[in-house]
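Structure first, then comments.
The values are calculated or read from the model by the stated rules, or taken from the named source; none is laboratory data. Keep in mind the model is a prediction, meaning the values are calculated, not measured. Cβ coordinates were reconstructed from backbone atoms using ideal geometry, including for glycine residues, and neighbour counts include every protein chain displayed. Ligands, DNA and RNA are stripped out before the accessible areas are found, and what is left, the full protein with its side chains, is counted by its heavy atoms. Shrake-Rupley method; radii C 1.70, N 1.55, O 1.52, S 1.80 Å.
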Amino acid sequence: MAAIKRQIASVMHSCVQADEAWMVMGMLEYVAGVWHVRLYIYSAVAFGCGIWAALHYSKTRRKSAPAQVDTCSCCSSKRRINKTGKKDVVPLGLPPVKIFFASETGTAKKFAENLSQEVESLGYQSTVLHLKNYDPEDGLLEEARNGSLCAFVLPTYTEGNPPDAAAWFCKWLSEAANDFRYEKTHLSGLRYIVLGLGNSFYEEHYNKVARNVDKWLWHLGARRLMPRGETDKNSAQSRHGSAEADFAAWLQQVRRRLGQLISPKDGKGVEPEEHSHCCTNKLSKGQERRKDQKESSGHGSHSGSDEGSYEYETTSEEDEGDTDGDLESLVDVEDLGIIMKDMQNSKDVKGNVLSPRKMLNTSKRMEADAVKAKELREMITPALSQSLTKQGYRLVGSHSAVKLCRWTKSMLRGRGGCYKHTFYGIESHRCMEATPSLACANKCVFCWRHHTNPVGTEWRWKQDDPESIVQGALQNHYDMIRQFKGVPGVQNARYEEAFTVRHCALSLVGEPIMYPEINTLVRLLHSHRISSFLVTNAQFPAEIRNLEPVTQLYVSVDASSERSLKRIDRPLFKDFWSRFLGSLQALSEKGQRTVYRLTLVKAWNVDEIQAYAELVTLGRPDFIEVKGVTYCGEGGANSLTMANVPWHEEVVAFVTHLADLIPNYEIVCEHAHSNCLLLAHTRFKRDGVWWTWIDYDRFHELYQEYKSSGGSRTFSAEDYAAPTPAWALFGSNEQGFDPVETRHLRHGKPKDISGC
């Protein structure tokens, strides 16, 4: 048995060895076969690796490729076009936040500081500023250039007025928004939010200051970041129960809105509203006004919109009800596109679809109609009427006015006349001070009317006829004279004489020469044997050349260089300097009496004597009046103080120096009470006697001859000159005070600055 087992084991071992040999041989044959086709295998592997590498590279490049970026020109961000075609907003850095406040009780300051803490918690840098120490003219423009985000926390006080600290800020902003010199994109780089602090118990004036500031900023091109917030101290009407709760709710809106500026997306994969409106679908002002009509006129800034999306750059609800009318706009260029779109399905009267050309013509006609409607507005608005009436003006028609001069009142009492009585012999109690145009082309820093009159560079209002202006002015003047009947000190003879006006000073306010029918008006005055003293601000050279003879023509020469004229007169015309020089040249061509009127303002124009002398050679006036500026108190844009008023001795020194620089001119008269002196050309000095006074009867005779000859028979200033009395001459003991009058000195009473 054991032997059999060993035999079987031997056989099996032989078989295993045979199988192993077979397997080895098979493997060797397979390897040999592969070796023969190795080239094809290598090629397949290389091809597969190449495909994998290409796919991997392409995928990696798509992930790492930079987004296409284009700069948004109206804000401090960029738009990125991603692979889906949607636009994200990539902040380039958070803008600085300036928080302005004006407060007397401390509430606005507290809210401003809380707002500062809130925005700083979001990562913004903020600065809290008091408006009392802020210059809006330069400051706001700088904020716009820097792309700042400004917040204004503004309370409303008595009668809807701002606190004293914000009075100048609001005054400047109001004037700039209504001023033709400021373009509607003046503050286009500025983003802002406004919070008003008010009390709805005073319904008429509720949050009036904040609403006005919101409106004025928008009209100057600033971009409202979110709706105006309003707090209500009247807890019964407050939307959230108290002013503090209103502020807290508004603060949450601010936080959410500023957070949108930080995040590239608003969570929905769309561009935040600020950029969707300002960069892609910006609304025109007309559309914004239509949107704003949906705003609530209640206590909140926007009814039902506090928790929803914001309407970007909509106007406040007060825009439509603007009482001054100066902020009305024409059809915007952007609106023309809307009009064209709205008219695509429009048809003419025959039922034909309007062609693009006809639609464009229709749009132009609509714009022209809007311009015409604007030009036909009355110059005197209700607000202006109320303001001027309070100042003692009697309004005549829609653009004229008359006022009783203080010197008329003075001479009725025998207390002396004005400087024109001393220099030219007018009878002050028989002089009417009037203007056919309340509008002016300048906003002089020393304007004694505190810029209450409208401004403009051309006539664009309804026009009254000259006859009604003259009759209305005389009637109102006589009505004011009647008020002096029986007043102690009024002389009966002069009271009766005052009802026959002999002189008209067209220098009350505004720019009389702007009135299109000024020549007809002057002719009517002369037909009543009323002399004409017309004053112009040297911005209308063509009108000066076309002006018919007047008794005496004045041109205000408030500065002698382009820089100082812009700084002092603040003219509306861009070519104001060429107009100024052209007016002086036109004055030299007039045949009748001409006068330069210089108003000296210390620290402004008293150091330009040589330049003034050069201007005299250009216009060659008959007379030069030099007067120290009259201090008319603090008010609005008038930044002058008593420090800017020269003493009479300083005016004398200036005139003496000026006389030394200009040949053929000498100092003739002075009126110390008015701080005024007169230089005259030496041709008015005959045999050692000065002839600066006017023979008014002779003037009217010469004027009638001029008219009857059709203008061919001209006359000159010397033809109606009269000798000057000794008491009116410079250096006399009377210093220009008529000795037949009784000097009356005021003690402890405010000085009346009215008068021409």
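Annotation: amide H-H contacts under 5 Å for residue 427 (H modelled 1.01 Å from N, sequence separation of 5 or more, or interchain): none. A 1.4 Å probe, protein heavy atoms only, puts the accessible area of residue 712 near 90 Å². The order of 217, 129 by accessible area, most exposed first and with a 1.4 Å probe, is 129, 217. Once backbone amide H atoms are built at 1.01 Å from N, residue 230 has 196, 301 as its partners under 5 Å, excluding neighbours fewer than 5 places away on the same chain. Post the alpha-carbon centroid distance, the range 227-252 to the range 563-611, in whole angstrom. For the range 227-252 versus the range 563-611, the Cα centre distance is 53 Å. Once the Kirkwood radius over Cα pairs is known for the range 572-700, the Stokes-Einstein relation at 4 °C and 1.567 mPa s delivers a diffusion coefficient of 80 µm²/s.
Using a probe of 1.4 Å, the accessible surface attributed to residue 56 totals some 100 Å² when neighbouring protein chains are kept in position.
In what sequence, largest accessible area first, do 465, 179 appear using a 1.4 Å probe?
465, 179
The alpha carbon centroids of the range 666-682 and the range 402-481 are separated by 22 Å. Of the peptides 122-128, 242-248, the order by per-residue mean of other Cβ atoms within 10 Å, starting with the highest, comes out as 242-248, 122-128. Phi angles of the range 454-467 translate, via the Karplus equation with coefficients 6.51, -1.76, 1.60 and θ = phi - 60°, into HN-Hα couplings of x, 10, x, 9, 7, 7, 9, 10, 4, 10, 8, 6, x, 4 Hz per residue; Gly and Pro are given as x. May I ask for log10 I(q)/I(0) of the range 499-632 at q = 0.11 Å⁻¹, from a Debye sum over the Cα atoms as equal point scatterers with solvent left out? Here the Debye-derived log intensity ratios amount to -0.39. When the surface is traced with a 1.4 Å probe over the full set of protein chains, residue 534 keeps roughly 0 Å² accessible. One Cα centroid belongs to the range 482-517, the other to the range 109-154; the line between them spans 52 Å. Separation of the alpha carbons by more than 19 angstrom is noted, of 403/602; 109/132; 409/485; 110/132; 208/233; 409/443, for 403/602; 409/443.
Among 557, 531, 568, pick out the residue whose Cα is farthest towards the positive end of the charge dipole of the range 513-594, where Lys and Arg carry +1 and Asp and Glu carry -1 on C-beta, about the Cα centre. My answer, from the dipole projection, is 568. Note on surface exposure: 617, 520 rank 617, 520 by accessible area, highest first, 1.4 Å probe.
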